[in-house]
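Read through the structure below, which is laid out as structure tokens, and then see the notes.
The values are calculated or read from the model by the stated rules, or taken from the named source; none is laboratory data. The structure presented is a predicted model; accordingly, all values stated were derived computationally and were not measured. Don't worry about glycine lacking a Cβ; one is built from the backbone with ideal geometry, like all the others, and counts go over all protein chains shown. Protein only, heavy atoms only, side chains kept; ligands, DNA and RNA dropped before computing areas. Shrake-Rupley method; radii C 1.70, N 1.55, O 1.52, S 1.80 Å.
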Amino acid sequence: MSFNNLPQTIPNWISGEECPAISGKKIDKLSPDTGRKLCDVARSGSQDVQNAIQAARNAQAAWAGLTPVNRGEVLHDIAQNMRRYQQEIAAIVALETGMSFSAALGEVGGAIAQGEFTAGEGRRLFGRTITSAVPNKYAMTVRQPLGVAGLIIAANTPIANVAWKVFPALLCGNSAVLKAAEDTPATAWYFAKIAHETGLPPGVLNVIQGYGREAGSPIVADPGVDVISFTGSTAVGRQIASIAGQRLAKVSLELGGKNPLIVCDDADLENAAKWVLLSAFSNAGQRCASGSRIIIFDAVYDKFRAMLTERTRGLKAGPGDEDDLGPVINKKQLSNMLQAVEQARQEGAVILTGGRRLTDDAHADGFYMAPTIIENVDPNAAISTTELFGPITCLYRVNDFAEALRLANDSPYGLTACIHTRNIHRATEFTQKVQAGVAVVNAGTYGSEPHMPFGGVKQSGNGTREPGTEALDVYSNLKNIIFNIDPKQL
């Protein structure tokens, strides 16, 4: 597959077949790099969703009837087929998001690794034996599927987001309805194409395209969906939890972050600067784990600020492998970022670099935000407490470790956090006391791997963890099985 042979309209996948929205309505998908239209996208509604859920319910029992090992083998074959088509997948990801091909290829590699890891869990879908206090009584637990999984994903890392949810959901014996992000429809479509060509039974994975309110909300509300896994904003996560809670559906929420990165007075400043720039600006800052609050000891603040500002001004924006960051995903996101920066400026913040849309000839038609560093920001200001999902980071000056830790924890979010220090005592205390689901020493605020649990505390999630083996807890139920024997029958 190349850049030039996407379908004119990206369709749904229902019961193993490609199909348009019943209404015939479509959405324009624009290139973040050029602003030009790439293709149309099926604008699905509630009836499309109902058809997908029914297809998933029809297929689920037979899929669950396979052994976990057999299901793992099918998923392993899909992952290997992804490896075969990784260049094509990466081309689609790069086209839809504006990220460089090399970055997209790295993301595809991570998605393949997720598939391979999860497939192996088919041979380790462990229960346990349990001793009883009662004579002649034996007990054990087994994992069983929930039924139909509703999977709703974000656009920032599209193939990784697909893999994080689809592979564990299917391994546990569920069928799935995947709501693709409207900004990255082709990635989900092509994944389903590969899965079906590999031999995944029809109806086990269904993909719905369209807007969240029109195609995502019906998945959340439908009683035929047994578990919902959502990656996205905290505001939408709250709505999902409320709606799904009315029918006591199981819900996994991986939500926003406003992630702190502390630079101590004993840090390796060169290494710290490298990781701050990567955490804040790689993937145009479009990570829930983006480093958006840089907390710097006073003793090194001026020097480190100068290093960051100089290096940020040297970053190159564009879609090429030689560029450091690409565009943000759409015009609305860009407008929201510009408004947030302007509000911060009016409240007294200082824009050290960036803070504007790139309007030169190479970038004017795309959705490019200049990489932005801001200081003199109130920790309680909107820009300090609201996830922007773009290449914007704020600097904060603190006197010592205790103040740094307090500021790091003074946030409605608690997804990831990082500290740069040579002091093992500081590092240990930080990892134990920071309020986050992921704590990192001397690297970036991101970097979890397929076998590692990921998720947050406070408004960053509802306590579930994906991927890793912990994802199996999201997509399966534990059944306690008890045997009582009669010794007289022995």
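Quick check: convex hull over the Cα atoms of the chain, volume per residue in Å³, rounded to an integer?
157
In square angstrom, what is the accessible area per residue of the stretch 1-150 with a 1.4 angstrom probe?
47
Report, by chain and number, residues whose modeled amide H sits under 5 Å from the one on N259, excluding near sequence neighbours (fewer than 5 apart, same chain).
S292, R293
Given a cut-off of 20 Å, name the pairs among K258/K433; K250/K479; K165/K274; K258/K303; K25/K179 whose C-alpha atoms lie farther apart than that in the structure shown.
K165/K274; K258/K303, as the Cα separations exceed 20 Å there.
Compare the Cα positions of G348, H451, I424 along the charge dipole of the chain (+1 at Cβ of Lys, Arg; -1 at Cβ of Asp, Glu; about the Cα centre) and return the one farthest towards the positive end.
Looking along the dipole axis, the top candidate is H451.
Mind putting a number on the dipole of the stretch 48-180 about its Cα centre? Charges go on the C-beta only, +1 for Lys and Arg and -1 for Asp and Glu, and I need it in Debye to the nearest 20.
For the stretch 48-180, the charge dipole is close to 620 debye.
For the stretch 1-122, what does the relative contact order come out to in percent, with C-alpha contacts under 8 Å and a separation of six or more?
24
Counting only other residues whose beta carbon sits under 12 Å from that of L255, what net charge do I get with K and R as +1, D and E as -1?
+1
If you place +1 on the Cβ of every Lys and Arg and -1 on the Cβ of every Asp and Glu, how big does the dipole about the Cα centre of the stretch 243-352 come out, in debye to the nearest 20?
680
Might you tell me the accessible area per residue for the stretch 327-416, computed with a 1.4 Å probe and given in Å²?
That works out to 43 Å² for each residue.
Under a crude label model (7 Å from the Cα following the beta-carbon direction), how far is I424 from Q87 in nanometres?
So the two model labels end up 4.8 nm from each other.
Quick one: dipole size for the chain, taken about the Cα centre, charges +1 on Lys/Arg Cβ and -1 on Asp/Glu Cβ, in debye to the nearest 20.
Its charge dipole is roughly 1240 debye.
Residue-wise, which Karplus ³J(HN,Hα) couplings in Hz belong to the stretch 395-407, taking 6.51 cos²θ - 1.76 cosθ + 1.60, θ = phi - 60°, and x for glycine or proline?
9, 10, 9, 10, 8, 7, 4, 4, 5, 4, 5, 4, 5
Pull up all non-local amide H partners of G326: gap of 5 or more, or a different chain, and H-to-H distance under 5 Å with H placed in the peptide plane.
Long-range HN contacts for G326: N283, A284, G318.
Between A306 and E449, what is the spin-label point distance in nm, taking each point 7 Å from the Cα along the Cα→C-beta axis?
Spacing of the two 7 Å Cα→Cβ label points: 3.9 nm.
Mind listing the phi-derived Karplus ³J(HN,Hα) values for the stretch 11-22, rounded to whole Hz, using 6.51, -1.76 and 1.60 with θ = phi - 60°, and x for any glycine or proline?
Here the 3J(HN,Hα) series is x, 7, 10, 9, 6, x, 10, 7, 8, x, 5, 4 Hz.
For the stretch 324-340, just list the computed ³J(HN,Hα) in residue order, Karplus coefficients 6.51, -1.76 and 1.60, θ = phi - 60°, integers in Hz, with x standing in for Gly and Pro.
Listing the rounded values in order: 8, 7, x, x, 7, 6, 7, 5, 4, 4, 4, 4, 4, 5, 4, 5, 5 Hz.
How much length, in nm to one decimal, is gained on full extension between R345 and E73, taken as 0.36 nm per residue of separation minus their Cα-Cα distance?
Using 0.36 nm per residue and subtracting the Cα-Cα distance, I get 92.4 nm.
Would you compute, from DSSP H runs of 4+ residues alone, the mean residue ellipticity of the chain at 222 nm, taking -39500 (n - 2.57) per run and dividing by the full residue count, rounded to the nearest 500?
Result for the chain, helices only: -12000 deg cm²/dmol.
Out of S411, L395, L315, whose Cα points farthest toward the positive end of the dipole of the stretch 307-413 (charges: +1 Lys, Arg; -1 Asp, Glu; placed on Cβ)?
Comparing the listed Cα positions along the dipole, S411 ranks first.
Quote to one decimal, in nm, the extra length available between R406 and Q239 on full extension: 0.36 nm per residue of separation minus the C-alpha distance between them.
57.1 nm
Would you mind checking which residues have amide H under 5 Å from T464's amide H? H placed 1.01 Å from N; only 5 or more apart, or other chain.
Residues meeting the amide H criterion: L253.
Send over a whole-number figure in Å² for the accessible area per residue of the stretch 181-315, probe 1.4 Å.
Per-residue accessible area for the stretch 181-315 comes out at 33 Å².
Measure off, as a whole percent, the carbon and sulfur share of the 1.4 Å-probe accessible area of the chain, all protein chains present.
50
Using Cα pairs closer than 8 Å and at least 6 residues apart in sequence, work out the relative contact order for the chain, in percent.
It rounds to 18 percent for the chain.
Extension gain V142-K274, at 0.36 nm per residue separation less the Cα-Cα distance, in nm?
So the extension gain works out to 42.9 nm.
Considering the options S100, G115, L269, tell which one lies farthest towards the positive end of the dipole of the chain, charges being +1 on Lys and Arg and -1 on Asp and Glu at the Cβ, about the Cα centre.
Highest projection toward the positive end goes to G115.
Rolling a 1.4 angstrom probe over the protein chains, ignoring ligands and nucleic acids, what is the accessible area of Y396 in square angstrom, nearest 10?
Surface accessible to solvent at Y396 totals approximately 10 Å².
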